[in-house]
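Input: a single structure, listed below in structure tokens.
Each reported figure results from applying straightforward, stated rules to the coordinates on display, with no laboratory input. Everything quoted here is computed from the prediction, not taken from an experiment. Cβ sites come from the backbone with ideal geometry, for glycine too, and all protein chains shown count toward neighbours.
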Amino acid sequence: MGLGMKKPMSLLIICAISMSALSSTARADAYGSGWYGELQASYGHEDNITRTYHSDELSDEIASVSIGGGYSRKIRDNSQLILSAYLIYNRHRDWEALNSFGVSLGLDYTIQPRMSYNAPWYNIKLTATNLEYKDSNPREGVLVNADLSVNKRLTTALTGHLGYRYKDLIFVGKSDAEEKNDTAFDTDSQEIYLGLDYAIGISVYFFGEYAYRHGDVRSTVSGGLATGDKYDAETIDNVFDPPCTRRCNWSYAYRQKGDTQLATLGVAFPVKKVYVDVAASYFEAKGDNGKTYEDWLIKLGLLWNF
């Protein structure tokens, strides 16, 4: 890579989209030392927002905007540290209870031990995002992400990425009773991923990623759980239920361990001072109960650095 050279723009885009939230803090294309700012917006469609295996799966349109920035510090000639902070807002067209506001803090460290064009470089990203929802307290908490990767130019146009991610939603400020009641949303997972970026010229990038995840799988089903279903925890989740005053038949979120495969493909290109990315992601999980859960998402994103 060379820390004196621009990093591929596809690294700035949300390639590993969290399927339950359209937005994640992106990192500015900063190098050298100094302050930077960033504004990001996106709009997308998610096919199975409840992650149900039933025929009553629900879709939604999700808009997101984030604004923030940080400070980049070049350390010697072969490493760089970036500290960042972002405000994030997600808005759902149909399921307004899932509208959310987040405050995210991040640390990003890159080092290239051997300075040459095709030498590998290593990256560590740590973020913590406090999430608050319009009307879904069980989902609230601090989402912690850790990402460790090794990256290498394979050709003049092709760059490869191999990495490990860990995600954990941590309850904050909840009583013991609330934590017990909301336990289906107390999830964590880890994954390994392989990504490729292909550059056309100096500004257009095609990118792809495959990830294999092991950990908690959460799903919401209407009418409650079937007798004999295997799960680790359950929580009433009335976000997707119609208004009810008598003899309500609530939906339930439940959590179990499982294996998930995720794939993302997209393209990124500039339009004047704004970078545009179009991406599609597919999610397939198989839980310990033997059921399969599928979801897909398409997204249009805009990113402006200042």
Practice prompt. Return the sequence-ordered ³J(HN,Hα) values of the stretch 66-74 in whole Hz as given by the Karplus equation 6.51 cos²θ - 1.76 cosθ + 1.60 applied to θ = phi - 60°, using x for Gly and Pro.
Written response: 9, 9, x, x, x, 10, 10, 10, 7
Worksheet item: In terms of modelled amide H atoms, which long-range or inter-chain residues lie less than 5 Å from the amide H of Asp237?
Response: Ser251, Tyr252, Ala253
Fill in: Neighbour-count ranking [beta-carbon atoms within 10 angstrom, fewest first] of Arg73, Arg93
Arg93, Arg73
Response to the item:
Scalar couplings 3J(HN,Hα) for the stretch 47-54 by Karplus 6.51 cos²θ - 1.76 cosθ + 1.60 (θ = phi - 60°), nearest whole Hz, x for Gly and Pro, are 7, 9, 5, 8, 6, 7, 9, 7
Discussion item. Starting from 0.36 nm per residue, how many nanometres of slack lie between Leu162 and Leu87 once their C-alpha separation is accounted for?
Written reply: 24.1 nm
Practice prompt. Could you pull out every residue, at least 5 positions away or on a different chain, whose amide H is within less than 5 Å of the one on Asn48? Hs are placed 1.01 Å off N in the peptide plane, and Pro or chain starts have none.
Written response: Trp296
Worksheet item: How much FRET efficiency would the formula 1/(1 + (r/R0)^6) give for Ile298 and Ser222, where r is the Cβ-Cβ distance and R0 is 30 Å, rounded to 0.05?
Response: 0.75
Fill in: Along principal axes, Cα extents of the stretch 121-243, largest first, whole Å
56, 31, 28
Discussion item. For the stretch 94-173, what are Rg and Dmax over the alpha carbons, in angstrom?
Written reply: 17.7, 52
Practice prompt. Between Leu39 and Arg247, take the C-beta separation as r, use R0 = 51 Å, and let me know the FRET efficiency to the nearest 0.05.
Written response: 0.60
Practice prompt. Could you work out how far apart the two model spin labels at Ser116 and Ile170 are, taking each label as a point 7 Å from the Cα in the direction of the beta carbon, and quote it in nm?
Written response: 4.1 nm
Response to the item:
Candidates Ile88, Ile192, Ile202; GNM for the chain (alpha-carbon contacts under 10 Å) flags as most fluctuating Ile202
Discussion item. What's the magnitude of the charge dipole for the stretch 233-306 around its Cα centre, counting Lys and Arg as +1 and Asp and Glu as -1 at the beta-carbon? Answer in Debye, nearest 20.
Written reply: 260 debye
Fill in: Lys/Arg +1, Asp/Glu -1 at C-beta; the chain dipole; positive extreme among Gly163, Asn151, Val65
Asn151
Worksheet item: What's the Kirkwood radius of the chain in Å, using all Cα pairs?
Response: 20.3 Å
Discussion item. With +1 assigned to the C-beta of every Lys and Arg and -1 to the C-beta of every Asp and Glu, and no other charges, what is the dipole magnitude of the chain about the Cα centre in debye, to the nearest 20?
Written reply: 1360 debye
Fill in: Theoretical ellipticity at 222 nm over the chain - DSSP helices of four or more residues, -39500 (n - 2.57) apiece, nearest 500
-500 deg cm²/dmol
Worksheet, complete the sentence: A correct Stokes-Einstein calculation for the stretch 127-184, using the alpha-carbon Kirkwood radius, 37 °C and 0.692 mPa s, returns a whole-number D in µm² s⁻¹ of 234 µm²/s
Discussion item. Test of understanding: what is the full-extension gain from Ser203 to Glu132, defined as 0.36 nm times their sequence separation minus their Cα-Cα distance?
Written reply: 21.9 nm
Response to the item:
Projected onto the charge dipole of the stretch 207-306 (unit charges on the beta-carbon of Lys, Arg, Asp and Glu, signs +1, +1, -1, -1), the Cα from Thr235, Gly215, Ala268 with the largest positive-side position is that of Ala268
Fill in: Residue exposure sequence - Arg51, Arg114 - by fewest surrounding Cβ within 10 Å
Arg114, Arg51
Item to complete: Please report, in debye to the nearest 20, how large the charge dipole of the stretch 155-306 is about its Cα centre when each Lys and Arg carries +1 at its beta carbon and each Asp and Glu carries -1 there.
Response: 440 debye
